[in-house]
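Rule-based calculations on the coordinates, nothing more; no lab input. Everything numeric here is computed off the predicted structure, so don't read it as measured data. All Cβ positions, even for glycine, are placed from backbone atoms using ideal geometry, and neighbour counts span all protein chains on display.
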């Protein structure tokens, strides 16, 4: 009788993606089960019922993102992932992406882990270490946005479990990239279908990403993509250290690069670099530490004079992250004593150039193609001497200026003295968020720290205040505390123009002469206005805004805001959607002066849309159509409010 020769069978991959703790926490009917009983319930009932059993593998996500598997039942999907999908690099859940785990963890790339080993690393070690494996969940970001979870003492693994089980449903924000409230507010097709927060999350995962819908004010794919190269990144963990040093006269001759005439920069340049490093240290989640330059022990980033290796019209350039000469800054000696000197103070071209070149050292690229510019050094940002840094994607010309990013070649108005809002956003997309200024902070501005200054503010948390009360009355001010908002004088707002480098149209684009901008992941809660006339714009949280003196225009926007006009004739501005369907969602105006102050109606809202309603000694301003509460006028009788108290703005 003939015998059959069997082909050898590959051993089945065994990865325990079932998690009893997660399974119990997800369903009250099995909350008291032991690990063994929970596993048995999952095998016999839960899997077929479609119950969630792990944040590491999501059956519905796996089915939706793999159309070729749409006909498989739940059990077959799990088997497919363990037998085939993991070796093919198919992402198993919204919280794990092979591509992003590699991008965010260069040490794992260096270790050359394959997809299976990468996934196993995350579920066994990475999640506990707080490593980021997806753009949709960052344990540090989840902590910063949810103080109650910090108080509860949840560890990194527990934070992921909490978000997957509860946080999504509650509309909590777990990353810089996805903001559920923003996503619903800016996608009316979802709002009209009454999508809840989980449905919004699932919509973005399944459709929104592919449709290029913006998931948060932070995540602007064009602006971030225009400033980063995915392989230009330092391998420094959160809370770790990146070092820098200044080449000395005694260490210069040992420099391994091709540049000649290497030498020590002067003390004024060193002090400028130190100040700028402090600004980068605020936005980066690791520490920047100066060390002595004593080869072979020197900083990972080194600053020096050199001849630029023969670069025509050499002024300055910097190499991107990497070993050896990676991260190094080369400056020309020939400009000291001129207006372009690197020793000049904040606001100067030389100082901004130092901020720019250090941006390259941290992994930022030019936001546009400046290949034809006389300022562009062939070596800039590249160890191999190729001018790859100017490759796309590119920032649109109206955005390509030094008010948005210090990496731009389009200089207008004052020179930037810090990484600007686009820069901090790109760096935090690469490296994660910093916890700098996570307590309650008051930023006090005066003439020397505000007028003529181009800078950006990063603040990680707390209850924070912008105080403009020390500014002069000779100016009127534009104050916008939204993420990315510009704070400046009304005359400096869009008061400068530039012709964008590489723009064939040679059009003129406006930008600010100077401005204090707010980083895209920062939230400022409160404003005390200037003694002059202010235009003040609140953000989506409940703000406390005081106009101070002058004729001010206050727009609280969404959130239950407390608005105080102060002395002078003030206008309080409202639009549909600024309030809510309960009285507690309305803005409170503490000092409305009938016959002097005004209620401004914007975005198509008119007086015939308004309902004026008394509530004891107070008056509510509502939208007649749906009853939305817009404002409460404290201590104002509703009989005194007429059409004369309203104006269209």
When ranked by the protection proxy of mean other Cβ atoms within 10 Å per residue, highest first, what sequence do the peptides 614-621, 458-465 form?
458-465, 614-621
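When the gyration tensor of the chain is built from Cα positions, what are the square roots of 5 times its three eigenvalues, in whole Å, from largest to smallest?
Those come to 43, 41, 20 Å.
Sort 20-33, 49-62 for me by packing, meaning the mean count of neighbouring Cβ atoms within 10 Å per residue, highest on top.
Values: 20-33: 15.6, 49-62: 20.0.
Order by mean packing, descending: 49-62, 20-33.
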Quick one: Kirkwood hydrodynamic radius for the range 110-234, alpha-carbon pairs, angstrom, one decimal?
16.0
Please work out the Cα convex hull volume for the range 461-503 and give it in Å³ per residue.
114
Quick one: order 233, 303 by neighbouring beta-carbon count within 10 Å, fewest to most.
233, 303
So what are the three principal axis dimensions of the range 21-73 from its Cα atoms, in whole Å, longest to shortest?
37, 19, 15
Quick one: which of 527-534, 171-178, 640-647 comes out on top by average Cβ neighbours within 10 Å, and what's the full order, highest first?
527-534, 171-178, 640-647
What is the Å³ per residue value for the convex hull set by the Cα atoms of the range 313-376?
98
For the range 573-649, list log₁₀ I(q)/I(0) at each q in 0.21 Å⁻¹, using the Debye formula over Cα point scatterers of equal strength and ignoring solvent, two decimals each.
-0.88
For the pair residue 222 and residue 625, what calculated FRET efficiency results from E = 1/(1 + (r/R0)^6), where r is the Cβ-Cβ distance and R0 = 41 Å, to the nearest 0.05?
0.65
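Suppose the chain between residue 469 and residue 647 were pulled fully straight at 0.36 nm per residue; how much longer would it get relative to their current alpha carbon spacing?
61.4 nm
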Please report the base-10 log of the normalised intensity I(q)/I(0) for the range 292-333, using a Debye sum with one equal scatterer per alpha carbon and no solvent, at each q in 0.30 (1/Å).
-1.04
Kirkwood hydrodynamic radius (C-alpha pairs) into Stokes-Einstein, the range 110-159, 20 °C and 1.002 mPa s, D in µm²/s
181
Can you tell me, using C-alpha contacts under 8 Å and at least 6 residues apart, the relative contact order of the chain as a whole percent?
7
Per the 1/(1 + (r/R0)^6) rule, R0 = 25 Å and r from the Cβ atoms of residue 436 and residue 541, FRET efficiency to 0.05 is 0.80
Counting only backbone N atoms under 16 Å from a point 7 Å out along Cα-to-Cβ of residue 617, the residues of the range 577-591 in range are 589-591
Stretch residue 73-residue 281 to full length: gain in nm at 0.36 nm per residue minus the Cα-Cα span?
69.9 nm
Report P(r) for the range 397-548: all Cα-Cα distances, bin width 10 Å, range 0 to the bin holding the largest distance, values in whole percent.
12, 40, 34, 12, 2
Could you work out how far apart the two model spin labels at residue 508 and residue 576 are, taking each label as a point 7 Å from the Cα in the direction of the beta carbon, and quote it in nm?
3.8
Using Cα centres only, tell me the gap between the range 274-317 and the range 496-557 in whole Å.
32
In nm, to one decimal, how far is the residue 447 label point from the residue 84 one, both placed 7 Å along Cα→Cβ?
7.4
In whole angstrom, largest first, the equivalent ellipsoid semi-axes that the Cα gyration tensor gives for the range 18-128 are 26, 18, 11
Could you tell me the ratio Rg/Rh of the range 129-186? Both radii from Cα atoms, Rh via Kirkwood.
0.95
Nitroxide proxy distance, nm - points 7 Å out along Cα→Cβ at residue 117 and residue 29
4.3
Based on Cα positions only, what radius of gyration and what Dmax would you give for the range 235-274, in angstroms?
13.2, 37
